[in-house]
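Here's the structure, in structure tokens; my notes come after.
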Amino acid sequence: VTRLERCAPNFLIAMAGEGDVMMSPDQADQVAQKESPQDTAKEPEAESPETTETKEPKGPTNEERVAMAESSKEAGNVLLKAGDAAAAVSKYAEGIELTEPLLEKDPGDVGEELQKRGTALYLALRLNSAQANIKQSSWLLAIEHASKVLLIEKDNTKALYRRSLAGLQLDTEGRLEEARGDLSRLIQLEPSNREAREMLFKVKERLKELRQQEKERLSAAMKGGLYQEQHKKLGKLQAAYEEEVKRLKDAGEDEISFEDFAKKTKEKEEELEKKQKEEAQKRREEERQKEEERQLKEENRRRASEGKPSVTMEEWRAEAKAVAAQEKKRVEEVVKMDEAELDEEDKKLLKETKEKGYYHGRLGTVLSDAAPKPQLVTESKDESSPKVGSEWNQAGTWEEKDASSWAQERLTAWLGDACVSGSNVTLPAGAGEVTAKVSKVKSVKGEAHIVYVRKQPRHGFNYEADLSFSMNLGDDKFSGTLSLPEIMDGIACAELRVDARWKGSGPSEAFLSLANEWLDRLRERVRGQVAAFKEEYQKRS
């Protein structure tokens, strides 16, 4: 652009189809005379911030994110049906990366309907990823994806099933216990699910096998395994001492006592163990740093693709720490609200919603327009009233009643009455009376809810209890504790776990066999008391 062209008014230069129409030389001289020397020395004006900003690359809009994620999901489904599970997982991951940021945004910024759509899509992508990883036998990844879904929808049946299926394959007690809880909840939600019942049976049987193996291992150790190991170690130490004594004698050095030798040997072992721990810690730290560097490179590569500036290691660590803290807070508080301003009834309802998480996810909103929000139903004072549910739900489509207080009181009473006894029982000192009973119910913690689905009640409960018991074998008295970690509606009373522990050293060898026999009888009676509670609870509406 010439100086003349820059200074000419718009009406002096017009762009024509055949070329430029220029001003006459006289007109150009007049304009040039009016132009000051300072104007001719000016550099081209810098672009305005608005112009520069518009040229910066921007990420996809919220609507584009959802549309792109839907395309990734469909592509993944096609690949999964074609048998390419690995490629399907990759496509699903693209969709997850696009939709996950929408869950953290305020509904007002995204739009409630779009956020609902994005959340539903995110859950579907996670579920499909779990299924694809199961097909590849990637059990831990399948569990991770299913767990992400259950953080948002606690009772998502597909997520419960897929996490339990993957946990069953890992065959560890912790994963099997998790699978047992998932399947118990799944059966409560879908009583006619035969496959879930068969899986739960397999899980219980495998847990029994693992616990029996652990019991046998401990029994073998107590019967001599640990003693033999210690004896073998002592023998090696004695042999080493004798060699050291011979070496000192041959060298003309002072003799050392066995105690001093054992002490020095132990110090050397401890020093060696300390050195090995330090080396192992150093290796772990190096591996951790390498992993952090790899993740930082990946993060900066992602930022570069989105037109964002790169971050330093310190900035990345701070951001990761903040995200972890936010995730922890989100898990602990499904529905965010200032509880200080709530009355007692609202606090109770909020606590129930947080624990059960029926339709509330990260957004604190109902994900389905057809799904009613949970409402707390209070006890009716008129026992003869035929109504089921609250005023808003007279059709009985869906309703939930909190029965926790009543159930806790009744379960405590039933457990406290557990007692077995016998007369003319053969004791070490002759025939006598035997009594074993629950002496105190130390604690009963949990909740109970009656859920009405089309006017049909489903009685759910989940408690844990700690008890004290006493036992009289003639004139000899013993005591201990009983622990019931899983008193659930989905677990048959005959399968109820009742852990027992003697107080102190427990019965002597002369009484041990008889005491254990009557302790087993008391445990069976406790199971019977839970069954009686369950029967009473089933009659409640």
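The values are calculated or read from the model by the stated rules, or taken from the named source; none is laboratory data. Since this is a predicted model, take the numbers as computed values, not measurements. Cβ sites come from the backbone with ideal geometry, for glycine too, and all protein chains shown count toward neighbours. Note: areas computed on protein heavy atoms with side chains; ligands, DNA, RNA excluded. Shrake-Rupley method; radii C 1.70, N 1.55, O 1.52, S 1.80 Å.
Once backbone amide H atoms are built at 1.01 Å from N, SER138 has no partners under 5 Å, excluding neighbours fewer than 5 places away on the same chain.
Under a Cβ-Cβ cut-off of 12 Å, what is the net charge of the residues other than TYR241 that fall near it, where Lys and Arg count +1 and Asp and Glu count -1? Net local charge, TYR241 excluded: -1. Across segment 117-163, the relative contact order, built from alpha-carbon pairs under 8 Å that are at least six residues apart, equals 35 percent.
For the residues ARG283, ARG410, a 1.4 Å probe over the protein chains yields an accessible-area ranking, largest first, of ARG283, ARG410.
Each residue of segment 179-193 was assigned a 3J(HN,Hα) from its phi angle through the Karplus curve 6.51 cos²θ - 1.76 cosθ + 1.60 (θ = phi - 60°); the sequence is 5, 4, x, 4, 5, 4, 5, 4, 5, 5, 7, 10, x, 8, 6 Hz, with glycine and proline shown as x.
Distance from the alpha carbon centroid of segment 142-214 to that of segment 459-482 works out to 29 angstrom.
The HN-Hα couplings worked out from phi for segment 263-274 by the Karplus form 6.51 cos²θ - 1.76 cosθ + 1.60 (θ = phi - 60°) are 5, 5, 4, 5, 5, 5, 4, 5, 5, 5, 5, 5 Hz, whole numbers, x standing for Gly and Pro. Rolling a 1.4 Å probe over the protein heavy atoms leaves PHE478 with an accessible area of roughly 40 Å². Computed over protein heavy atoms with a 1.4 Å probe, the carbon and sulfur contribution to the accessible area of segment 402-521 reaches 43%.
Annotation: amide H of ASP489 within the under-5 Å range of PHE461, sequence separation 5 or more or interchain, hydrogens built in the peptide plane.
Around the amide H of VAL498, modelled in the peptide plane, lies no amide H under 5 Å away from a residue 5 or more places distant or on another chain.
In what order, largest first, do MET68, MET488 sit by accessible area if the probe radius is 1.4 Å? Intermediate values should be presented prior to the final figure.
Values: MET68 90, MET488 30 Å².
The ranking, largest first, comes out as MET68, MET488.
From most to least packed by mean Cβ count within 10 Å, the peptides 297-304, 264-271, 173-180 give 173-180, 297-304, 264-271. Here segment 488-541 and segment 79-123 have alpha carbon centers that stand 48 Å from each other. Our coupling estimate for segment 88-100, obtained by passing each phi through the Karplus curve with A = 6.51, B = -1.76, C = 1.60 and θ = phi - 60°, is 5, 4, 4, 5, 4, 4, 4, x, 5, 5, 6, 8, 4 Hz, Gly and Pro reported as x.
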